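Let me begin by presenting the structure, written as structure tokens, before commenting on it.
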Amino acid sequence: MGGGSSAFAIAEWDGSGNPATKPRLEDIPENCIALVLARLDPTEICKLAGLNQAFRGASSADFIWEVKLPLNYGYIVDQLGDEKVSCLGKKDLYARLCRPNPFDGGTKEIWLDKSTGGVCVSIASKALRITGIDDRRYWNHIPTEESRFKNVAYLHQIWWFEVVGEMEFQFPVGTYSAFFRLHLGRPKKRLGRRVCNLDHIHGWNVKPVQFQLTTSDGQHAVSRLFLDNPGQWVHYHAGDFVVEQPNEPTKIKFSLSQIDCTHTKGGLCLDSVLICPSFLGKGLDYIHR
């Protein structure tokens, strides 16, 4: 007890009898702070940057953010085709890539998961090959705020239902999942409120839809699912694939089809295809086999 009190007294007073100055957060050198921040995830770094000027300055160090960026970030920047992006510091580049970034004529978007740096890509319905899309008796594109692309393909009625998409991209090493984002019924706004027309939904309960995914290195996945949950956007799991060669583009082909011509089907909105790290896909509202 007495020893503890003496130690406290020594810490509080210097040898001349004047109060000693206590160490403060501001006294920690920025390079030491930066070494600590480099071990944290991006969201934790941003929170600590608000503590004081020293932490704010240290949090901007390029070496902290370069390891948070995916190894192929240079390839991603090239896809965007914006020279200004390539001139950004690593912290600003990370922040920019965490926003949706359109490319390929605005038919695709890429972004990083802000917590993990995982690469996510979304492909709009307009970038997919849809059987009968040019015939307005079957399909038409409708504007909506419920899509990141502000537009979805709406199926009125058809016998042969088939949608195919392809993408070649240089993904970082990891396991990825592909999802089709679909909606039974036609959502719209009426007097500022969301309403959904379910009248034209038919044919999806007769036989399941087949989802397929293949890659250029021979990976293949097939699943068959009944479309359900009218009035809600649902991610339907098409399959997973593994990337082992980060410096080589992977060509992915994905499709959904219901080609039993004994009955028609309709009342479906097709928004997009999402490709993301599988651990992020687990947080989606999705259906899988």
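Specify which of the listed residues (H202, H183) is assigned by the TED database to the domain that holds P277 and in contact with an Asp or Glu (Cβ under 8 Å, 6 or more places away or on another chain).
On the way: H202 fails: in contact with an Asp or Glu (Cβ under 8 Å, 6 or more places away or on another chain).
So the residue among H202, H183 that is assigned by the TED database to the domain that holds P277 and in contact with an Asp or Glu (Cβ under 8 Å, 6 or more places away or on another chain) is H183.
Only residues that are touching a residue at least 12 places away in the same chain (Cβ under 8 Å) and of a type in the set (D, E, K, R): list them for the range 52-102, please.
D62, E66, K68, K90, K91, R99
Specify which of the listed residues (F169, F179) is of a type in the set (A, V, I, L, M, F, W, C), open to solvent by less than 80 Å² (accessible area, probe 1.4 Å) and over 24 Å from I259 (Cα atoms). Step through it out loud before you land on a result.
Values: F179 fails: over 24 Å from I259 (Cα atoms).
None of the others qualify; the one that does is F169.
If a residue counts only when it is open to solvent by less than 10 Å² (accessible area, probe 1.4 Å) and under 30 Å from L112 (Cβ atoms), which strands (runs of 3 or more DSSP E) contained entirely in the range 205-284 have at least 3 such residues? Steps first, please.
Details: elements: 209-215, 220-225, 233-243, 250-258, 268-277.
Correct list: 233-243, 250-258, 268-277.
Which residue out of G89, G106, G132 is outside the structural domain of I259 (by the TED database), on the phi > 0 side of the Ramachandran plot and either buried (at least 18 other Cβ atoms within 10 Å of the Cβ) or of a type outside the set (D, E) (or both)?
Values: G89 fails: on the phi > 0 side of the Ramachandran plot; G132 fails: outside the structural domain of I259 (by the TED database).
Sole residue among the options that is outside the structural domain of I259 (by the TED database), on the phi > 0 side of the Ramachandran plot and either buried (at least 18 other Cβ atoms within 10 Å of the Cβ) or of a type outside the set (D, E) (or both): G106.
The values are calculated or read from the model by the stated rules, or taken from the named source; none is laboratory data. Not measured: the values here are computed from a predicted model. Positions of Cβ are generated from backbone atoms using ideal geometry, with glycine treated the same way; all protein chains shown enter the neighbour counts. Each accessible area value is taken on the protein alone, full model and side chains, heavy atoms only, with ligands, DNA and RNA left out. Shrake-Rupley method; radii C 1.70, N 1.55, O 1.52, S 1.80 Å.
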